[in-house]
Amino acid sequence: MQNEDAVRWNARYADCGRPYDTTGPRELLVEHLDLLPDRGLALDLAMGLGHNGALLQSRGMRVVGVDVSIEAVRRARQMYPGMTAFVADLTSFRFPSGCFDLILNFYYLQRDLLADFARLLKPGGMVVIETLTEVMQAIKPDLPPEYLLQSGELRRLFTGWEILYEREGWIPSRHGGKKAVASLIARLPIGV
C-alpha cells in the first residue's frame, strides 16, 4: 500500500506538463561540481526524475537513486537507462554502512536520515544538501514546520565535518519568485 507522500508525488510526476520535468540538475550541484568526486558511488535521495544523478553519472560516477514515487522512478529509468533507480519509503528503508562516496539530498528533510549520513559514507565521503528553511513560512504559511529547517540547523547537524560550501537565505526559485533555503556541501573527516 502506498503512503500519502507516494500518492501525492505519483500524481505530480504523472502530469507530464509540469515545468519541473525539463529543469535539469539543481544549480547548487552544477555550480560546485569542481568540489565533488568524479568517481565512486553516489546516492541520490528523493531523486525525482534523476537529473542530479544523471549529471554525476555523465562525469563517471555510478549512481543509485531512490524515490517514493513509482512514477518518478519509472520516468527516470526511461530518461537515464544507465542509472540504478528504485522505489523506497526513506522513512523505513535502511541503507548499508560505508558504501557511498557522495550523497545528494535536495528538498527532502528527514532529520534522522541526515544524522545517519556519516554511517552511510565511506571515510572522506561528501554530502550535497539543499532544502527549505522555516523562513519560507513568511510567504507560504501553510508549509508544515517539520519539513523546514530552523535557522542554523543544517550547519549544526554537520558539526565536525569539513564544510566546503554553505549558505542560508533567499534564492531565486525555478518557478519564479524566491525561496528560503539552507545549502551545504561537506566532507566527512577520515577517521570518523
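The values are calculated or read from the model by the stated rules, or taken from the named source; none is laboratory data. Keep in mind that this is a model prediction, so the values were computed, not measured. Here Cβ is always computed from backbone atoms with ideal geometry, including for glycine, and neighbour counts include all displayed protein chains. SASA here: full protein model, heavy atoms, side chains in, ligands and nucleic acids out. Shrake-Rupley method; radii C 1.70, N 1.55, O 1.52, S 1.80 Å.
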5 Å is the cut-off here: which amide hydrogens, built 1.01 Å from N in the peptide plane, fall below it relative to M47, excluding neighbours closer than 5 in sequence?
V66, D67
Among the chymotrypsin sites (Phe, Trp or Tyr not before Pro) in the stretch 59-129, which ones are in a DSSP loop with at most 16 other Cβ atoms within 10 Å of the Cβ? Mind listing them?
F93, Y107
Within the stretch 93-192, which trypsin sites (Lys or Arg not before Pro) sit in a loop by DSSP and count at most 13 neighbouring Cβ atoms inside 10 Å?
R94, R174
Run lengths n ≥ 4 of DSSP H only: what is the helix-derived mean residue ellipticity at 222 nm for the chain, with -39500 (n - 2.57) per run over all residues, to the nearest 500?
-6000 deg cm²/dmol
Quick check: at a probe of 1.4 Å, how many percent of the accessible area of the chain sits on carbon and sulfur atoms?
54 percent
Starting at the first residue of the stretch 164-172, write each ³J(HN,Hα) from the Karplus equation 6.51 cos²θ - 1.76 cosθ + 1.60 with θ = phi - 60°, in whole Hz, x for Gly and Pro.
9, 7, 7, 7, 8, x, 8, 9, x
Let me check I have the definition right: for the chain, take the eigenvalues of the Cα gyration tensor, multiply each by 5, take square roots. What are those semi-axes in whole Å, largest first?
23, 22, 16
In nm, to one decimal, how far is the L35 label point from the R111 one, both placed 7 Å along Cα→Cβ?
2.4 nm
Work out the length of the dipole vector of the chain about its Cα centre, built from +1 on the beta-carbon of each Lys and Arg and -1 on the beta-carbon of each Asp and Glu, and round it to the nearest 20 debye.
320 debye
Rank A54, A180, A14 by mean-square fluctuation in a GNM of the chain with C-alpha springs under 10 angstrom and give only the top-ranked residue.
A14
Pulled fully out, how much extra length does the chain show between E4 and T159, if you take 0.36 nm times their separation in residues and subtract their Cα-Cα distance?
52.5 nm
Eligible lysines near K122 by straight Cα distance, threshold 20 Å, same-chain separation 8 or greater:
none
Would you look at the GNM of the chain, springs on alpha carbons closer than 10 Å, and say which of I171, I163, I103 moves the most?
I171
Largest first and rounded to whole Å, the semi-axes √(5λ) derived from the alpha carbon gyration tensor of the stretch 33-83 read 19, 10, 8
Give me the accessible area per residue for the chain, probe 1.4 Å, as a whole number in Å².
49 Å²
